[in-house]
Each structure stands twice: as structure tokens, then as C-alpha cells.
């Protein structure tokens with residue numbers, strides 16, 4: 001569990017932001033994995049299998065959030081930075097600020113677009129893996145990524161991207 | 001920019017171009033200023049996204065999962081016992097009903113007090129007669 005916790009946290013927190021909901025989805029990911037372990041056929045790596053569960057649960061949580069018309073919970077990547085860095089220096093603060101901006105920009109993307117950015121750009125999964133995880137053709141991954149990056153560029157210029 | 005160019009640009013930024021394609025793309029970058037600017041923008045965006053730190057769950061995440069797994073397992077076991085008992089008693093019910101009917105029939109067959117009601121006889125109750133009332137009275141209040 002310790003080995004794959006960062007993988008799951010990377011997907012879930014980047015999709016949902018920090019907080020109880022992300023923690024619940026993270027727990028649910030490992031529990032579903034534990035329950036379905038006997039069905040795991042080994043045709044993908046454990047990391048990919050877990051990522052797929054985490055992403056599906058995150059997308060469901062976003063749908064639920066939308067359905068319930070919950071109050072908007074902004075992705076606060078600055079929180080994650082604060083946890084990771086106990087005594088931040090100037091460089092860390094700058095990074096945290098930039099990460100928070102990226103988090104807010106990601107939050108403005110649709111779940112489908114956010115999913116490809118998180119997996120392909122932030123989790124550094126290959127296009128083929130992203131296609132497998134999301135269950136869409138590689139061409140769709142690339143076209144979603146292109147649209148998502150165009151929107152992100154608009155949102156992040158000029159502070160994060162010169 | 002054409003769609004083909006934008007596809008190639010993205011694939012180049014992701015490092016997905018084959019060797020020959022990459023060489024052709026690099027050659028174009030040297031002559032196409034607009035393409036070069038777009039490429040630099042995508043690369044900057046990619047670097048910014050990669051630069052975000054690895055998020056982590058709060059302290060004690062593994063402990064919370066183990067507690068949840070234990071709780072769910074206990075609930076599952078309790079539910080399993082309930083299911084087993086329910087199945088056992090459902091199967092037992094027709095047998096019990098048949099035995100009860102057989103007992104009723106036997107009680108009616110061995111009926112030795114013709115005045116007793118059929119229901120009381122079927123249930124195996126002692127016939128209530130005046131004599132019984134006296135004997136109960138004697139027992140309670142003495143001779």
C-alpha cells in the first residue's frame with residue numbers, strides 16, 4: 001500500500017483537490033483493489049490497474065459533486081505544498097503559489113480534459129497507458145490534451161507561462 | 001497552424017516523435033518562428049505542470065484503510081452469519097410445519113375425551129372437566 005499511495009494520491013488529489021472527499025476516494029480505491037485482487041489478470045501493471053480505479057472513482061466523485069450542486073471546492077495545491085514543506089523558503093513559496101494557480105486552472109477544465117492533463121502531463125503516463133486507463137482511443141487522448149492545454153495556456157499566462 | 005502541425009508539436013513536446021519525424025520537426029523549428037514560439041509555450045506549460053510537487057494523503061492514511069477493511073470484514077461476516085441462519089431456518093420451516101401437522105393428526109387419533117373440542121385435542125391439551133376443576137381447587141385451597 002505504501003508503495004502505491006503516491007500514485008493514487010497523485011491522481012485523486014489532482015482530480016479532486018485536498019480534503020475529506022479525496023481521502024475517502026483514496027481509501028475506496030485501495031478497498032476496491034483489495035476486493036478485486038482475485039480478478040486482476042496481470043495484463044497491466046498494478047500501478048496502471050490502481051490508477052484506473054482511482055481515476056474512475058475520481059470522475060464519479062466529480063459527477064456526484066456536480067449532481068449534488070455542492071459548493072465549489074477549489075483544488076488547493078498550496079495545501080499539499082504546505083504539508084510537504086514544513087519551513088518553506090522563498091523558492092518553495094513561489095512553487096507553492098504556482099502550484100496553486102495550476103490547481104485553480106485545472107479546476108476550470110472539464111473532468112475529461114482534466115483527466116488527460118493529470119495522467120499524461122503530471123503523472124507522466126504514456127499516451128498508450130492513458131488511453132487504456134480512460135478506455136478511449138489514443139487519438140482522443142491527444143485531441144483532449146490539445147484542447148486542455150490550449151485552455152490552460154490561456155488561464156496560466158502570463159504568471160506561470162511567460 | 002494546421003491540425004497536422006499542432007499534432008506534431010504536441011507529440012514533439014511529449015517526446016513521442018520517431019527519430020526521423022523529430023529531425024524534420026527540428027529543421028522546421030529553425031525556420032518557422034511562429035512554430036518555435038508555440039513549441040516554447042507548450043514546453044513551458046509542460047514544465048510548469050511537471051514541477052508541481054507530488055500530493056500526499058494526510059497522516060495515517062494506511063491505518064484508516066486498514067480500520068475500514070477490518071470494519072467492512074466484520075460487517076460482511078455478520079451479514080454472512082445472518083444469511084446462513086436465514087437459509088437454515090427457511091429450509092427447516094416446511095419440515096417443522098409437517099411435524100406439527102403430524103402431531104395434530106396423532107393427537108386427534110388418540111383422542112380419549114369425546115366431549116373435548118377438536119382444536120384443544122389437536123393441540124394436545126388436557127380435557128377440562130368438572131373433576132379437574134375440583135382437583136385444581138383442592139390443590140390451591142386445600143381440602
Restricted to segment B:9-25 and to residues being in contact with a helix residue (DSSP H, G or I) (Cβ under 6 Å, 6 or more places away or on another chain) and not in a loop (DSSP other than H, G, I, E, B), the residue nearest to the other protein chains (Cβ to nearest Cβ) is B:10
Across (1) in contact (Cβ under 8 Å) with a residue 24 or more places away in the chain; (2) loosely packed, with under 14 Cβ neighbours inside 10 Å, residue B:13 clears everything bar (2)
Scanning segment B:26-52 for residues that are within 9 Å of another protein chain (Cβ to nearest Cβ) and buried (at least 16 other Cβ atoms within 10 Å of the Cβ) gives B:41, B:42, B:44, B:45, B:46, B:48, B:49, B:52
Scanning segment A:1-46 residue by residue, the ones that are surrounded by fewer than 19 Cβ atoms within 10 Å (Cβ to Cβ), part of a loop (DSSP other than H, G, I, E, B) and within 9 Å of chain B (Cβ to nearest Cβ) total 2
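Let's see how each residue does on (1) in contact (Cβ under 8 Å) with a residue 12 or more places away in the chain; (2) farther than 20 Å from residue B:13 by Cα; (3) at the interface with chain B (Cβ under 10 Å from one of its Cβ atoms):
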site: A:96; (1), (2), (3): yes, yes, yes
site: A:104; (1), (2), (3): yes, yes, no
site: A:107; (1), (2), (3): yes, yes, no
site: A:115; (1), (2), (3): yes, no, no
site: A:130; (1), (2), (3): yes, no, no
site: A:135; (1), (2), (3): no, yes, no
site: A:139; (1), (2), (3): no, no, yes
Within segment B:106-118, residues being surrounded by 10 or more Cβ atoms within 10 Å (Cβ to Cβ) and out of contact with any helix residue (DSSP H, G or I) (no Cβ under 8 Å at 6 or more places or on another chain) number 3
Scanning segment B:26-51 residue by residue, those over 21 Å from residue A:121 (Cα atoms) and not in a helix (DSSP H, G or I) turn out to be B:32
Condition first: within 14 Å of chain B (Cβ to nearest Cβ), at pLDDT below 80 and part of a helix (DSSP H, G or I). Can you find one or more residues in segment A:61-77 that meet it?
yes
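The values are calculated or read from the model by the stated rules, or taken from the named source; none is laboratory data. In this text, all values refer to a predicted model and were calculated from it rather than measured experimentally. Cβ sites come from the backbone with ideal geometry, for glycine too, and all protein chains shown count toward neighbours.
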